[in-house]
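Notes to accompany the following structure.
The values are calculated or read from the model by the stated rules, or taken from the named source; none is laboratory data. The structure displayed is predicted, hence computed values, not measured ones. Note that we place each Cβ from the backbone using ideal geometry, even for glycine, and neighbour counts take in every protein chain shown. Just the protein is used for accessible areas: all its heavy atoms, side chains included, with ligands, DNA and RNA removed. Shrake-Rupley method; radii C 1.70, N 1.55, O 1.52, S 1.80 Å.
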Amino acid sequence: MSRLPTLALVAGGALLARRALRRRVAVSPLWPLPALEEPVSGRPRPRALRLRVARHERVADGVVQLRLTGSDLPPWRPGAHLDLVLPSGLVRQYSLCGDPEDSSSYTVATRLIGAEQGGRGGSREVHEGLREGDEVVVRGPRNRFPLADAPSYVFVAGGIGITPILPMLRAVQASGKPWRLLYGGRSRASMPFLEEVGKLGEEGRGRVTVVAQDQDGLPDAAAFLSGTPAGAAVHVCGPEALMEAVGAALPEGCSLHLERFTRRARAGGDAAFEVELRRSGRTVAVAADSTVLAAVRAELPDTAYSCEQGFCGTCRQRVLEGEVDHRDELLTDAERAGSMLICVSRAHGERLVLDL
């Protein structure tokens, strides 16, 4: 009998020790290394939502639309996108193309991108791995492509680039302001939402121009933009070549608003530099043809990442010293003041210090 109080004391002490250790690790994840004033790198996560795949349907050749349901979902405006966390752990960004007034569901669409086209598995998982009834995690919505306030609008969409444009068309149509759309794709069969786009354009003849490459060749952005009145907002989502063509032909006095599929290509070579991982006590070399992410993961293989394109923010890390050459498409100017996305951004100079 005398052993019972002793065992209880030992068990109680062990429980208190485990709780203290958890608190200590929460303050400094690399404990017993010393903690900094703000010890946890990486961006604060938007609230994660668990939603149900209520509908998984093919809406064009190679294009699948998902309707994700929940309750009291955060509001969004045209141009917003979601981070979709796939069952494999991959994170991909998809533009919302449903009704912003519907607080019970989000709708996104994605085109299947094969490995030969540079795909890295995310779209294939959406197309072939997800099923109606599956549960997925989403973060957001976030909006880096908002609908501008303007007296008139011109929209240019290439293929799946119609997804963020579609809610904009509905909103501008409801406002009564004038608008026109140039919608291009490889073929009509591959272009989602053609029927709805056509109905939106019925009230004004000439509002919608559809260019199917297999029948009509490439769209002529300069001809389409000709005569656009000053003050118009030109919103473009599509391949880089299409956005460059629109930018080159932009009429004087018009504003240009872009949404990219991939990060912008950089001209010229990159220089090598080194990165100190302050909390780990290590320094890594970043070769001219490599990335900070690759160098860091060689030393810290558990470092989180996903898109490797500068869109999702999974690899964001806190910068303690050094000037960053920001190459992402996500962070605001305020966020860039003290952090970077290590999958794409580099150093302006010979050295960076990260809170890792």
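Taking the charge dipole of region 43-161 about its Cα centre, with +1 at Lys and Arg Cβ atoms and -1 at Asp and Glu Cβ atoms, the residue from Gln117, Gly161, Ala150 reaching farthest to the positive side is Gln117. Reported to the nearest whole Å, the Cα centre-to-centre distance from region 137-159 to region 49-87 is 16. A 1.4 Å probe run over the protein chains yields, for region 74-167, 38 Å² of accessible area per residue, whole-number rounding.
Ligands, DNA and RNA left out, the 1.4 Å accessible surface of region 167-213 is 47% carbon and sulfur atoms.
DSSP beta bridges fully contained in region 66-208 are about 65 percent antiparallel.
Computed from the C-beta positions of Ala230 and Glu202 and an R0 of 30 Å, the FRET efficiency is 0.65 to the nearest 0.05.
Counting only heavy atoms of the protein chains and using a 1.4 Å probe, Thr291 has close to 50 Å² of accessible surface. To the nearest 10, the accessible area of Val59 is 50 Å² with a 1.4 Å probe.
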